[in-house]
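Laboratory data are not the source of any read-out in this text; all were calculated from the coordinates shown. Predicted model only: the values in this text are computed from it and were never measured. Glycine gets a Cβ as well: all are built from the backbone with ideal geometry, and neighbour counts include every protein chain shown.
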Amino acid sequence: MKIAIIGAGLGGVTAATGLHLTGHDVTLHERAPELRETGTGVVVMPNGLAALDTLGLAGPLREHVMPTAQGGLRDRKGRPLLVTDAVKAQERYGPTVVVDRAVLHRALRARLPLDRVRTGTPVDDLASVTADAVVVADGINSRLRARLFPGHPGTRRTGRLDLRGTLPRPPGVDDLLTAILIDRHSGAMFGLFPLGADRLYWFTDAAMPATVPAAEEAREGMARLMADWHPAVPALLRATAGPDIHVDPISRLARPLDSYTKGTVALLGDAAHGMTPDLGQGASQAFEDAAALVRHLKGAGPEEAAERLRRYDAERRPRANRIMLASSRQSRLTTLTGPGAWLRDAMLRATPPPLAARRLAAIWLT
């Protein structure tokens, strides 16, 4: 079957590679002039890695398994709030991977022949695409989603700013690795993860100023906001070079889609279920989409495309929409301030580590 994939982000290249490997005639269309992925680090949760395993694409990622440090949630000074038993969680549910986004992108597309890729080819109208089936993977601000579902309100900003960066790993930060710090005073958040043996990936989440700042301005503002946090936090922010910082206003779909398909067209990844980053499930849900799409289209001919895509929708939409809504709830929980945040912290401290791991597993397990 001839399949066109629109958008060469992580989800798009995964679907393209998987469909190519199962014998379909795939063409991957990318608006940008070259096939690449910019950004910082990506956390791939156990469910995302399992999805890649079914496609035979997880092997190169195994060397990036996150160390089983004591992570969980902490307060702004680094004191534990919610502790997860990382060793037992990985033994039971599988590992979590932290990898440079560009490295991950290269690994996922390595088995896709270059002649299957069309860069510098924006697709703003599906009438211009000749294919038996089309996969729309053009991101959270998808232009094609708006054309397919004109009654949907599209995306909505949450009023928060995501700041992410990478830098060489300095000494004295091991106690914060794999931890996420939250602050009941400001509602801000800081997370820190190892990126290979000698680099770090960090992210912040805080209230967004009136205008989106440039990278260095955003970094300085965040460092001032977090000046009285654990000493490593403002130090890491200020040690990160401007070109290695990425600034994004956090957005999500205003409401879940009622369908991920329309005839022989299917949505995948953020185009289908753009969500806040609070559960770390954006990439993993895209990989689940790709795995399901490949499975449902395996062996299908053109006359079966619409029915096979309806099966994909029936499998993926309920779960991905639940994760999208759960991520928004998690955002509201972790950004609480005042008395509500004090009660949240008390409840987190009272949660036993095995129970915390089981709650995470409810998200990981399909």
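Kindly put 304, 63, 288, 220 in sequence by how many other C-beta atoms sit within 10 Å of each C-beta, fewest to most. Please list the in-between numbers first.
On the way: 304 17, 63 9, 288 26, 220 13.
By the 10 Å Cβ count, ascending, the order reads 63, 220, 304, 288.
Going through the stretch 1-49, which GluC sites (Glu not before Pro) have at most 13 other Cβ atoms within 10 Å and a DSSP loop state?
Details: sites: 30, 34, 37; in loops: 34, 37.
Taking the stretch 1-49 and a limit of 13 other Cβ atoms within 10 Å, the loop GluC sites (Glu not before Pro) found are 34.
Considering every pair of different Cα atoms, what Kirkwood radius, in Å, is found for the stretch 123-265?
Values: mean 1/r = 0.0566 Å⁻¹.
Across the stretch 123-265, the inverse of the average 1/r is 17.7 Å.
Take residue 207, project a point 7 Å from its Cα along the Cβ direction, then tell me which residues of the stretch 156-170 have their backbone nitrogen under 18 Å from it.
Taking a point 7 Å out along Cα→Cβ of residue 207, the residues of the stretch 156-170 whose backbone N falls under 18 Å are 157-163.
Put +1 on the Cβ of every Lys and Arg and -1 on every Asp and Glu Cβ in the stretch 128-171; which of 148, 161, 129 then has its Cα farthest towards the positive end of the dipole?
So the residue we want is 161.
Would you tally the net charge around residue 131, using a Cβ to Cβ cut-off of less than 13 Å, leaving residue 131 out, and scoring K and R as +1, D and E as -1? Mind dumping the intermediate values first?
Working: positive: 2, 116, 118; negative: 25, 132.
Combined, the nearby Lys, Arg, Asp and Glu give +1.
Roughly how many whole Å is it from the C-alpha centroid of the stretch 209-252 to that of the stretch 267-288?
A separation of 24 Å, based on Cα centres.
Put a dot 7 Å past each Cα toward the Cβ at residue 130 and residue 88; how far apart are the dots in nm?
It is 6.0 nm.
Under 24 Å from the Cα of residue 298, which lysines turn up, not counting those fewer than eight places away in the same chain?
Within the straight-line cut-off, residue 298 pairs with 2, 262.
Sort 217, 91 so that the residue with the fewest other Cβ atoms within 10 Å of its own Cβ comes first and the one with the most comes last. Show your work: numbers first, answer last.
Numbers: 217 14, 91 11.
Listed from fewest to most nearby Cβ atoms, that is 91, 217.
What ranking, highest mean first, results for peptides 331-343, 179-191 when packing means the other Cβ atoms within 10 Å averaged over each residue? Before the final figure, lay out each step's value.
Numbers: 331-343: 15.0, 179-191: 21.2.
Final packing ranking: 179-191, 331-343.
Summing Lys, Arg as +1 and Asp, Glu as -1, what charge do residues with Cβ under 10 Å from the Cβ of residue 249 carry, residue 249 excluded? Working shown, then result.
Numbers: positive: 157, 160; negative: 162, 248.
Charge balance in the 10 Å sphere: 0.
Share of Cα-Cα pairs in the stretch 41-121 beyond 14 Å, in percent? It would help to have the intermediate numbers written out before the result.
Details: 2247 of 3240 pairs.
Every Cα pair in the stretch 41-121 considered, those over 14 Å come to 69 percent.
GNM, the chain, Cα, under 10 Å: largest mean-square fluctuation among 135, 212, 233?
Looking only at 135, 212, 233, the biggest GNM fluctuation is shown by 212.
Pairs of Cα atoms under 8 Å, at least six residues apart: use those to get the relative contact order of the stretch 254-366, whole percent.
Details: 83 pairs, mean separation 32.1, N = 113.
That works out to 28 percent.
Run the helix sum for the chain: -39,500 (n - 2.57) per DSSP H stretch of 4+ residues, divided by residue count, reported at 222 nm to the nearest 500 deg cm²/dmol. The partial results should precede the final answer.
Working: 12 runs with 136 residues, N = 366.
Theoretical 222 nm ellipticity from helices: -11500 deg cm²/dmol.
Based on Cβ point charges of +1 for Lys and Arg and -1 for Asp and Glu, what charge dipole magnitude is obtained for the chain about its Cα centre, in debye rounded to the nearest 20? Mind dumping the intermediate values first?
Values: 47 positive and 38 negative charges, 171 e Å.
Dipole magnitude for the chain comes out near 820 debye.
Considering the values (1) 1.11; (2) 0.97; (3) 1.06, which represents Rg/Rh (Cα atoms, Kirkwood Rh) as calculated for the structure under consideration?
Correct label, based on the coordinates given: (2).
Hey, how much of the P(r) for the stretch 198-249 falls beyond 14 Å, as a percent of Cα pairs? Intermediate values should be presented prior to the final figure.
On the way: 649 of 1326 pairs.
Tail of the P(r) past 14 Å holds 49 percent of the pairs.
Taking neighbour counts of Cβ atoms within 10 Å as a proxy for exposure, in what order, fewest first, do 100, 228 appear?
Numbers: 100 19, 228 12.
Final ranking by Cβ density, sparse to dense: 228, 100.
Mind checking the stretch 1-98 for trypsin sites (Lys or Arg not before Pro) that DSSP puts in a loop (not H, G, I, E or B) and that have at most 15 other Cβ atoms within 10 Å?
Numbers: sites: 2, 31, 36, 62, 74, 76, 77, 88, 92; in loops: 31, 36, 76, 77.
Sites meeting the loop and neighbour criteria: 36, 77.
Enter the Cα centre distance for the pair the stretch 37-62 and the stretch 182-196, rounded to the nearest angstrom.
23
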